[in-house]
Each structure stands twice: as C-alpha cells, then as structure tokens.
Amino acid sequence: MKFGGHPKKDKEELIKSNPLAFSSSSNLVTATSRLVLETSDNDGTFLNIEIFDHSMAQKDDSSSSSPSSLPILLFIPGVCESAETMSVQKIVHHAKEVGVRVAVVELEGHGLSSGHGRCLCPDFSRLLQQTVEFISFVLSQIGACENEVPYAVCGASMGGALAVYAAEIISRHLNNIPCDDLMGKSLHPSLSFPRTFLGVVPITPALGVRPEALPPKPIVWALSVAASLLPSAQLSLAPLEDPEHYNCPPETKRNYSGHWPLGTSKMLLDLTAYQIPHNVSRNKLTLAHVDKVLILAGEKDRVIPVESCQAFYDHLQCHYKDLKILKKADHDLLYETKTSQIALEYLFSVFTAK
C-alpha cells in the first residue's frame, strides 16, 4: 500500500506530518481540520478528508463544543485532482461567505490518501463504495442527524459521476430501496444518511463521451488487455495530465502529473461509453427520489459533450431538476474567471432553491 505515491504511512502520521489544505499560503481559505476514513475494503485503504468549517474556527472556546447546524457540501474532485486545486479554493471561499461548511475527499491514490499507485483507480464500483462511505462518515462525525444538518453532494468531472451515483444510492437508502444493481453488492450495514439530504450538483460530470473520440475497437481491446496486465503503466496512448493551470497553491504536489495509468484510463472509458449509458437506458439512474438535481455544463466542453448532460437531464425523474449550460465555458468552468462566479452562485443555490 502506498500513501499518495509516497512511502507507506499510518493514519496518525497523515494527521500529524501533513499540513491542512491551502495552509501554506496566508491568502487562501485554509482547511480547519482533517478526518481520516479507513474504508471497508479490508486492505488498509484510508482516505484523506479536508474540512472547511470557518464558523467553528471563529467561535470562542466556550461555544466550540456545540456541534454546528450549518449546512454542509460534500465535494468529490475529478480524476488526478486533490483538495488543493483552484476549483476547490473557489468553492470553499464562496462557502465561507455564505455560511456553508465543505468537506472534500481525496480519492484513493490521489492527494494524501493511500492507494496502490498514484492516480490508480481501475474499479469504479470500489470508488463508489468509498464515496458513499465518505459521505456517511463525515455526516456522522459532525452529528448531522442529531442537529438536522442540511447537506448536498457535489462533484466535478469523474467526481460528478460519483456524485450522481451516490445521490441515487442515498435516496434509495432513505426510501428502503435496494441499490445492489448499482454497487454490485449491498450497502454496508454501518452506513446511514440523515433525511436532510437536499440534492446533488454534478459539475461537467463524466456522463458520456463523444462517439468520434472513441478509439477503434482493436485499440480498445488492446487497452483492455494492457490495463488488466499493467494497470499502473503510463503509456503515451493514455491522456496526459498537466495540473499547472489548476494547482493551488502553485507549489502543491498533491495533484497528479503525467500520463494517466492504463487502469484509470480504461475505467473511465468503460464508465462513460458503456456503464452510464447502460444504467440510464435501464432506468437505474433516474434520481426519482432526489429533491434537487442541478447540473452545470460548459457549452464548449471538449472533454464531456454537453449533449451527454442534456440527454441525462431529459431522463431524470427527480422532484426538481435544472440544467445550466454556461456559454463559451469549457470543461474547467470553475477555473475560468468569466464563468466561475456564475457557476458558484448556481452551485450554492442547492441550499436555498425551493
């Protein structure tokens, strides 16, 4: 087991030896605490979770023991990304202004979380299980049930897809509907979710792929074989990640740089080209029991076609749904100054929209 691509460390060392997110710069909104989740995978995997709760940080000692009832946003970054990105900083900065807490998970193999290799996540169902565990764990730690804390789930790119699946699972669980068909197994009995779930906000979610972007079938077959044999291999046929434009602070080493591991590339191809279309066509992702679904998409997204978001939106059966397509916006719409403020106001409307 590796820890964020570094030598193995235990949970205590993670807490003690690594600064909180954004704490290296006085000009940034810094995480106020850290949680470490040991997953149910039974292989020692643990996830780093950065908490941004500036309402608690500003309280005096006499009142700090009282759990906060302020709402919380649970955020899942995209592949290659950690809690130290420009998009996360913009989210937590806006959250501080409007009085919302934020919890950001670093997926397995990402940031400070443990993993079998940097950015290596070949199993979407495993990531999904860890995502719902992250949500349940944070909510239990802040006393969300006892304090009736409103909460919403949000994610970007692959994190957006995870957020959609997690919302489906949470809403089914609250309505005593099985979710084995989405997870491949029953929800872990220790997991629970308060009934104060407000909804989900997927940001440029990885819900599809342009048909012309799909490799020829012989290449897909070769990728499948190579990924099964050498999942950690980084070959030139895989996407090349350069995090310099979204690193925050600029010197952070938490975000992945280089060609994606073959296992991760194959997982995302399967997810966007086959698994999600299959689940949508069979009415497994209707989000029928979710109160609000707010989808953010970029009109000029060169990674995820806006048509995929539109098709998913049309299929939804939730209580309230909305799709906002930002004109001239690309996949990284939270990084772009012209679109980020509009996106942030839309995102946080999940806590106020009726």
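The values are calculated or read from the model by the stated rules, or taken from the named source; none is laboratory data. A quick note: this is a predicted structure, and the numbers were derived from the prediction, not measured. No Cβ is skipped: glycine too gets one built from the backbone with ideal geometry, and neighbour counts run over all protein chains shown. Keep in mind that these areas ignore ligands, DNA and RNA; they rest on the heavy atoms of the full protein, side chains included. Shrake-Rupley method; radii C 1.70, N 1.55, O 1.52, S 1.80 Å.
A few notes on this one:
- Residue list for the range 143-162, filter: aliphatic (A, V, I, L, M) and modelled with pLDDT under 95: ALA144
- So HIS278, is it open to solvent by 10 Å² or more (accessible area, probe 1.4 Å), in contact with a Gly (Cβ under 9 Å, 6 or more places away or on another chain) and more than 27 Å from LYS90 (Cβ to Cβ): no
- Of all residues in the range 288-303, those satisfying the criterion of being closer than 30 Å to SER265 by Cβ and either among the aromatic types (Phe, Trp, Tyr) or open to solvent by 10 Å² or more (accessible area, probe 1.4 Å) (or both) are GLU299, LYS300, ARG302, VAL303.
- Candidates ALA233, ALA238: the one that is hydrophobic (A, V, I, L, M, F, W, C), under 20 Å from GLY78 (Cβ atoms) and in a loop (DSSP other than H, G, I, E, B) is ALA238.
- Some residue of the range 269-283 being assigned to a helix (DSSP H, G or I) and among the small types (Gly, Ala, Ser): yes
Condition check ((1) more than 22 Å from ALA21 (Cβ to Cβ); (2) more than 12 Å from the chain's Cα centre (by Cα); (3) surrounded by fewer than 19 Cβ atoms within 10 Å (Cβ to Cβ)) across all residues:
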{"position": "GLY111", "(1), (2), (3)": "no, yes, no"}
{"position": "SER114", "(1), (2), (3)": "no, yes, no"}
{"position": "ASP123", "(1), (2), (3)": "yes, yes, yes"}
{"position": "LEU127", "(1), (2), (3)": "no, no, no"}
{"position": "SER136", "(1), (2), (3)": "no, yes, no"}
{"position": "SER140", "(1), (2), (3)": "no, yes, yes"}
{"position": "GLY143", "(1), (2), (3)": "yes, yes, yes"}
{"position": "GLU146", "(1), (2), (3)": "yes, yes, yes"}
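- Within the range 309-354, if we keep just the residues that are among the polar types (S, T, N, Q), part of a helix (DSSP H, G or I) and under 16 Å from ALA95 (Cβ atoms), the residue that is least open to solvent (accessible area, probe 1.4 Å) turns out to be SER340.
- Residues of the range 229-249 that turn out to be touching a residue at least 24 places away in the same chain (Cβ under 8 Å), open to solvent by 30 Å² or more (accessible area, probe 1.4 Å) and small (Gly, Ala, Ser), as a count: 1
- Test: residue in the range 215-223 that is in a helix (DSSP H, G or I), in contact (Cβ under 8 Å) with a residue 40 or more places away in the chain and buried (at least 22 other Cβ atoms within 10 Å of the Cβ): no
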